[in-house]
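Undergrad: One structure is given below, represented as structure tokens, and several questions about it will come after.
The values are calculated or read from the model by the stated rules, or taken from the named source; none is laboratory data. Bear in mind that the values here come from a model prediction, so they are computed numbers and not experimental data. Methodologically, a virtual Cβ is constructed for each residue, glycine included, from the backbone with ideal geometry; neighbour enumeration extends over all protein chains shown.
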Amino acid sequence: MTAVRLPPVLRQHAGDAKQVEASGSTLGEVMTEIVTRHPGLREQLLASDGELHRFVNVYLNGLDVRYLNGLATPIGERDTVIVLPAMAGGS
Amino acid sequence: MPDQLQVREITPAEAQQLIDSGAALIDTREVNEWKAGHLAGATLIPPIEVAGRIEQVVPDHDKPVVIYCAAGARSMRAAIQLAQMGYRDVSSVAGGIGRWKAEGRPWELPSGTPAVATNPRYARHLVMPEVGPEGQGKLAQAKVLFIGAGGLGSPGLLYLAAAGVGTIGIVDFDVVDLSNLQRQVVHAENRIGMKKTASAAMTINALNPDVKVVQHDQMLTDSNVDTLIAGYDLVIDGTDTFETRYWLNDAAVRSATPVVHASVFRFEGQLTVFVPFQGPCYRCLYPTPPPPELAPGCSVAGVLGVVPGVMGLLQATEAVKLILGIGDPLVGRLLIWDALDGTFDELELRRDPNCPACGVGAHASVGDELAAATA
């Protein structure tokens, strides 16, 4: 199982969980399992073509998966995935 | 070779007597330490140069010599070197200039150091070699622009003013509201309804009247952003909307101005430093804004008051590092803080070669010039 950390703004779609776990050999498989289990997350994370939204950054062990292989990036059980959406608050 | 080398360790009081009666005074520290202050009449000879330069400075081997350093170790080694070279009356000051200063004895700064360097307000900066008179002078020369005198801006404005940043510009069109005061500590209850720029300027000048505050009492827009940031060395982004963050980013890339970026949401914060063409820009990090329902502002989602406080202070920290040129700025690194967990995480950011703002081909003239200048 790979642990995927969710930002606060997405937790309501995952039963208020901070972190969800899923299995898969690629990031795409892990994401698919997560959005299947928590359907509310699908449109927040994935575009209609199944790719990651451009406004959602996903980091595998601290590195943006855009610079790896995106959803095709191989993933291991001990890897840490962080989902990070843009936030603008400052006042 | 004499049987016993003539080296004594003396107290600052004994050193004072010897200096008064005409002993040669040698400071054996590094140049950056010397710049933070030295004894009157001393000659600087860094440790590595002692053997080579002492005879030029003190030709007479019979003349008494007093040597000091920061704490007494380097001066003792230098004193032994001198005795071995035949100097007959050499003394090392126990505890060095540190003890000398602690005893309240007089010292001075090298000539030509800025006036700010003698201001006791900055004493805690001046004693550190990483800041010192030179760094304090850089702070006094610095021009920093804050976008927003709100949650992020409040602590940052206070600490940059306290640090002695010479010119602080503030962009804000809003007025102080009671609901701001849960976190916007640069304002006060008796200023509700006052322009935030005026309120912040009041607080800043009460803390440090030396700071020149420039009040830009207007809303940052796509059409005025270039004019607003012109002339500032760096910008601190404490805005509250994606729109203003993208406008600011694009203008900062156009003018190659560094931006210290932070954003907050409820119990979490993000922080990074965008130095155009050296690291990624905001558009490299977030190419497109999320839909509004995914990114509510603080007024809708709420924010724990201390969260912008902490993030604003981390912004001020990065700004001071950039001005002084010390440490590793958060360029190409995103720090994310979870207040409830009490954890910081660091993510690696990279420049996007296809970035519409700073990528290859975008604003090529500015980017190429800079690339050529920094190559």
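Undergrad: Within chain A, which helices (runs of 4 or more DSSP H) (wholly inside it) include 2 or more residues that are away from every other protein chain (no Cβ under 14 Å) and in contact (Cβ under 8 Å) with a residue 24 or more places away in the chain?
TA: On the way: elements: A:8-11, A:27-37, A:42-45.
In chain A, A:27-37 are the helices (runs of 4 or more DSSP H) which contain 2 or more residues that are away from every other protein chain (no Cβ under 14 Å) and in contact (Cβ under 8 Å) with a residue 24 or more places away in the chain.
Undergrad: Right, another one. Name the one entry in B:Gly279, B:Gly327, B:Gly309, B:Gly305 that is in contact with a strand residue (DSSP E or B) (Cβ under 6 Å, 6 or more places away or on another chain), modelled with pLDDT of 90 or more and of a type in the set (Gly, Ala, Ser). It would help to see each step written out before you state the result.
TA: On the way: B:Gly327 fails: in contact with a strand residue (DSSP E or B) (Cβ under 6 Å, 6 or more places away or on another chain); B:Gly309 fails: in contact with a strand residue (DSSP E or B) (Cβ under 6 Å, 6 or more places away or on another chain); B:Gly305 fails: in contact with a strand residue (DSSP E or B) (Cβ under 6 Å, 6 or more places away or on another chain).
The conditions single out B:Gly279.
Undergrad: Under 23 Å from the mean Cα position of the chain (by Cα), in a helix (DSSP H, G or I) and closer than 28 Å to B:Gly325 by Cα: is that true of B:Ala251 in this structure?
TA: The answer is no for B:Ala251.
Undergrad: Report, by residue number, each residue of segment B:28-86 that is in contact with a Ser or Thr (Cβ under 8 Å, 6 or more places away or on another chain) and of a type in the set (S, T, N, Q).
TA: B:Thr28, B:Ser75
Undergrad: Could you check, for segment B:262-284, whether at least one of its residues is more than 8 Å from chain A (Cβ to nearest Cβ), under 27 Å from B:Leu158 (Cβ atoms), part of a loop (DSSP other than H, G, I, E, B) and under 20 Å from the mean Cα position of the chain (by Cα)?
TA: yes
Undergrad: What are the residues in segment B:239-261 that are facing another protein chain (nearest Cβ under 7 Å) and either closer than 18 Å to B:Pro329 by Cβ or touching a strand residue (DSSP E or B) at 6+ places or on another chain (Cβ under 6 Å) (or both), if any?
TA: B:Thr239
Undergrad: Run down B:Thr288, B:Thr221 and say which single residue is facing chain A (nearest Cβ under 10 Å), over 25 Å from the mean Cα position of the chain (by Cα) and surrounded by fewer than 17 Cβ atoms within 10 Å (Cβ to Cβ).
TA: One residue alone meets the criteria, B:Thr288.
Undergrad: Right, next: Name every residue in segment B:318-334 that is in a helix (DSSP H, G or I), in contact (Cβ under 8 Å) with a residue 40 or more places away in the chain and more than 20 Å from B:Phe265 (Cβ to Cβ), in order of residue number.
TA: B:Ala319, B:Val320, B:Leu322, B:Ile323, B:Leu324 - these are the residues of segment B:318-334 that are in a helix (DSSP H, G or I), in contact (Cβ under 8 Å) with a residue 40 or more places away in the chain and more than 20 Å from B:Phe265 (Cβ to Cβ).
Undergrad: Take B:Pro296 and decide whether it is touching a Lys or Arg at 6+ places or on another chain (Cβ under 9 Å), closer than 20 Å to A:Asn57 by Cβ, surrounded by fewer than 19 Cβ atoms within 10 Å (Cβ to Cβ) and modelled with pLDDT under 90.
TA: In short, no.
Undergrad: Quick one: what pairs do we get from segment B:336-363, first residue more than 8 Å from chain A (Cβ to nearest Cβ), second buried (at least 19 other Cβ atoms within 10 Å of the Cβ) and aromatic (Phe, Trp, Tyr), C-beta under 6 Å, 6+ apart or different chains?
TA: Listed pairs, sorted by first residue: B:Phe344/B:Trp337.
Undergrad: List the pairs whose first member sits in segment B:179-207 and is touching a residue at least 60 places away in the same chain (Cβ under 8 Å), whose second member is in a loop (DSSP other than H, G, I, E, B) and surrounded by fewer than 19 Cβ atoms within 10 Å (Cβ to Cβ), and whose Cβ atoms are under 6 Å apart, counting only residues at least 6 apart or on separate chains?
TA: From segment B:179-207, the pairs are B:Gln182/B:Gly305; B:Arg183/B:Gly305.
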